[in-house]
Amino acid sequence: MPRLRVLEVLTGILTVPNLLTFCRLLALPAVILLFRYDHFIAASLLFLGAMLTDVIDGWLARLMDQRSRLGLYLDS
């Protein structure tokens, strides 16, 4: 029975919008390092991509009915 509960929790966390948010969080150190080492174009493009995922994840959450408390917390 505990195994089923874990799957329920993971299903609520591992949604497409939340995965986009996690990717955006993982991109932050790369953006910082790219700026630090004067790779301004690459850093700007990665930052722009991260900004686009911020728009897309909210839209997908509503479209796919995958809104979650974690998503609200991470996206605020």
*Report, largest value first, the span of the C-alpha coordinates of the range 15-74 along each principal axis, in whole Å.*
41, 16, 13
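Mind listing which chymotrypsin sites (Phe, Trp or Tyr not before Pro) in the range 16-76 are in a DSSP loop and have 12 or fewer other Cβ atoms within 10 Å?
Loop-located and lightly packed - 37.
No lab work stands behind these numbers, since they all come straight from the coordinates. Not measured: the values here are computed from a predicted model. When we count neighbours, we look across all protein chains shown, and the Cβ atoms used for this are built from the backbone with ideal geometry, even at glycine.
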